[in-house]
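Everything below concerns the one structure shown next.
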Amino acid sequence: MSIQTVGIIGAGTMGNGIAQACAVAGLNVVMIDVAEAALAKGVATVAGSLDRLIKKDKLTAAQKDAALALIQTSTEHAALSGAQIVVEAATENEALKVKILQQLDGLLAPEVIVASNTSSISITKLAAATQRADRFIGMHFFNPVPLMALVEIIRGLQTSDATHAAVKDLAERLGKTPITVKNAPGFVVNRILVPMINEAFFVLAEGIATAEDIDAGMKLGTNQPIGPLALADMIGLDVCLAVMNVYMAEYNDGKYRPAPLLKEMVAAGWLGRKTGRGVYTY
């Protein structure tokens, strides 16, 4: 299958980032959200991101205009009828995702591939809720999508070789480096990353070092661009806690026990950058 048009469900951070990556690569994009205001904000975010690339001499004004011209928006799922693949990038809520996927089944041609950008929900389980399990796959982009090179391609038990090949080719056309992983809670990157963040909260709570020194130590000692506690604030402490709870439930292993300090801060509403306060104050 030659993919020329990509449908995207969700105009938020991940959705508009995926839209930008596709449009810059010359693909037609149809971005869907429930409200016109969300779509306008998503397109404005893409425009601002492209402007920053122009300032860094990584893009020309003509390329920006060409990319924006490739992005169409709609509040109606019917607008996705011309897409060869639809990427679901809605909120990380299983019930919501299942509802969206089942709606798509009735709208899309049988050969259309559907991918979920989930970072923690079982691809095999989501696939089973659709009528196209062999054409369902995980396509986990990383934030910020335009800058992050990695895409995790997650094969559910039912995913066909042809679907995997088409999605791997798409990721490469977007200038990304795909890695293929089996379906498992957290896949590869978050399976390693989020427990590391959780451990940083244990270290902080035990008073072994300050937040600043923990982050400096990990940046300078392991060559990470951002420390784990600052990264938690960027991801959202509630998201980190939710992921750890999934690991604890799925693996039933004490090493995935959420740090009490992480739980306490989430209970306080200190969720990170999005609330103005997390480990650090913004």
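The values are calculated or read from the model by the stated rules, or taken from the named source; none is laboratory data. In this text the structure is predicted, and so the values were computed from the model without any measurement. Methodologically, a virtual Cβ is constructed for each residue, glycine included, from the backbone with ideal geometry; neighbour enumeration extends over all protein chains shown. The protein model used for the area step is the full one, side chains on, heavy atoms only, and it has no ligands, DNA or RNA in it. Shrake-Rupley method; radii C 1.70, N 1.55, O 1.52, S 1.80 Å.
Taking the condition closer than 16 Å to ARG135 by Cβ, assigned to a helix (DSSP H, G or I) and among the hydrophobic types (A, V, I, L, M, F, W, C), does LEU80 pass? Quick ask: steps written out before the conclusion?
Values: closer than 16 Å to ARG135 by Cβ: yes; assigned to a helix (DSSP H, G or I): yes; among the hydrophobic types (A, V, I, L, M, F, W, C): yes.
When the stated conditions are applied, LEU80 passes them.
Among the numbered conditions (1) within 19 Å of the chain's Cα centre (by Cα); (2) β-branched (Val, Ile, Thr); (3) farther than 29 Å from ASP105 by Cβ, tell me where THR60 comes up short.
Only one criterion in (1) within 19 Å of the chain's Cα centre (by Cα); (2) β-branched (Val, Ile, Thr); (3) farther than 29 Å from ASP105 by Cβ is unmet by THR60, namely (1).
Considering only residues that are in contact with a Leu (Cβ under 6 Å, 6 or more places away or on another chain) and either open to solvent by 70 Å² or more (accessible area, probe 1.4 Å) or of a type outside the set (Val, Ile, Thr) (or both), which ones fall in region 51-77?
We begin by selecting, within region 51-77, every residue in contact with a Leu (Cβ under 6 Å, 6 or more places away or on another chain); these are 53, 59, 64, 73, 77.
Within region 51-77, LEU53, LEU59, LYS64, HIS77 meet the criteria.
Being closer than 23 Å to PHE141 by Cβ, buried (at least 21 other Cβ atoms within 10 Å of the Cβ) and of a type outside the set (Gly, Ala, Ser): is that true of TYR256 here? Steps first, answer last, please.
Working: closer than 23 Å to PHE141 by Cβ: no; buried (at least 21 other Cβ atoms within 10 Å of the Cβ): yes; of a type outside the set (Gly, Ala, Ser): yes.
No; evaluated as a whole, the condition is false for this residue.
Which of (1) within 22 Å of ASN117 (Cβ to Cβ); (2) among the aliphatic types (A, V, I, L, M); (3) out of contact with any Leu (no Cβ under 9 Å at 6 or more places or on another chain) is the odd one out, the single condition LEU231 does not satisfy?
Tallying (1) within 22 Å of ASN117 (Cβ to Cβ); (2) among the aliphatic types (A, V, I, L, M); (3) out of contact with any Leu (no Cβ under 9 Å at 6 or more places or on another chain), LEU231 fails exactly one: (3).
Restricting to region 239-253, what's the tally of residues that are open to solvent by less than 40 Å² (accessible area, probe 1.4 Å) and without any contact (Cβ under 8 Å) to a residue 24 or more places away in the chain?
Going through region 239-253 one residue at a time, the tally reaches 0.
Is it the case that region 93-115 has a residue that's outside any helix (DSSP H, G or I), within 22 Å of the chain's Cα centre (by Cα) and surrounded by fewer than 16 Cβ atoms within 10 Å (Cβ to Cβ)? Steps first, please.
The first filter runs over region 93-115 and keeps only residues outside any helix (DSSP H, G or I), leaving 93, 108-115.
So of that shortlist, the ones also within 22 Å of the chain's Cα centre (by Cα) come out as 93, 112-115.
Cutting the leftovers down to surrounded by fewer than 16 Cβ atoms within 10 Å (Cβ to Cβ) gives us 93.
Yes.
Considering each residue of region 145-173, count those that are surrounded by 17 or more Cβ atoms within 10 Å (Cβ to Cβ), under 15 Å from the mean Cα position of the chain (by Cα) and over 21 Å from LYS125 (Cα atoms), and give that number.
3
Given the conditions (1) among the aliphatic types (A, V, I, L, M); (2) in contact (Cβ under 8 Å) with a residue 60 or more places away in the chain; (3) under 22 Å from LEU107 (Cα atoms), and given that LEU53 satisfies all but one, which numbered condition is not satisfied?
Going through the list (1) among the aliphatic types (A, V, I, L, M); (2) in contact (Cβ under 8 Å) with a residue 60 or more places away in the chain; (3) under 22 Å from LEU107 (Cα atoms), LEU53 breaks only (3).
Return yes or no: is THR118 in a loop (DSSP other than H, G, I, E, B) and closer than 14 Å to VAL181 by Cα?
Working: in a loop (DSSP other than H, G, I, E, B): yes; closer than 14 Å to VAL181 by Cα: yes.
Yes: the conditions hold for THR118.
Given the options THR91, THR60, THR75, name the one that is hydroxyl-bearing (Ser, Thr, Tyr) and free of Cβ contacts under 8 Å to residues at least 12 places away in the same chain. Give the derivation first.
Numbers: THR91 fails: free of Cβ contacts under 8 Å to residues at least 12 places away in the same chain; THR75 fails: free of Cβ contacts under 8 Å to residues at least 12 places away in the same chain.
Just one listed residue meets the conditions, THR60.
The rows are residues; the columns are (1) at pLDDT 95 or above; (2) touching a Pro at 6+ places or on another chain (Cβ under 6 Å); (3) part of a strand (DSSP E or B).
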| position | (1), (2), (3) |
| --- | --- |
| MET234 | no, no, no |
| VAL239 | no, no, no |
| GLU250 | no, yes, no |
| PRO258 | yes, no, no |
| LYS263 | yes, no, no |
| VAL266 | yes, no, no |
| LYS274 | no, no, no |
| VAL279 | yes, no, no |
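Return a yes/no flag: does region 2-23 have any residue that is surrounded by fewer than 16 Cβ atoms within 10 Å (Cβ to Cβ), in a helix (DSSP H, G or I), of a type outside the set (D, E, K, R) and at pLDDT 95 or above.
So the first thing to find is which residues in region 2-23 are surrounded by fewer than 16 Cβ atoms within 10 Å (Cβ to Cβ), and the list is 2, 4, 12-13.
From what is left, the residues that are in a helix (DSSP H, G or I) are 13.
Still in the list and also of a type outside the set (D, E, K, R): 13.
Still in the list and also at pLDDT 95 or above: none.
No, because not a single residue in region 2-23 is surrounded by fewer than 16 Cβ atoms within 10 Å (Cβ to Cβ), in a helix (DSSP H, G or I), of a type outside the set (D, E, K, R) and at pLDDT 95 or above.
Taking the conditions exactly as written (touching a Pro at 6+ places or on another chain (Cβ under 6 Å) and not small (Gly, Ala, Ser)), does GLN72 satisfy them or not? Spell out the reasoning first.
Numbers: touching a Pro at 6+ places or on another chain (Cβ under 6 Å): no; not small (Gly, Ala, Ser): yes.
Criteria not met by GLN72.
Could you check how many residues of region 86-104 are closer than 20 Å to THR73 by Cα and acidic (Asp, Glu)?
Result for region 86-104: 1.
If you take the residues in region 211-238 that are of a type outside the set (A, V, I, L, M) and open to solvent by less than 20 Å² (accessible area, probe 1.4 Å), which one is nearest to the chain's Cα centre (by Cα)? Spell out the reasoning first.
First, pick out the residues of region 211-238 that are of a type outside the set (A, V, I, L, M): 212-213, 215, 217, 219, 221-225, 227-228, 233, 236, 238.
Those still in the list that are open to solvent by less than 20 Å² (accessible area, probe 1.4 Å) too: 215, 227-228, 233, 236.
Details: ASP215: 24, GLY227: 20, PRO228: 18, ASP233: 16, GLY236: 13 Å.
Here the answer is GLY236.
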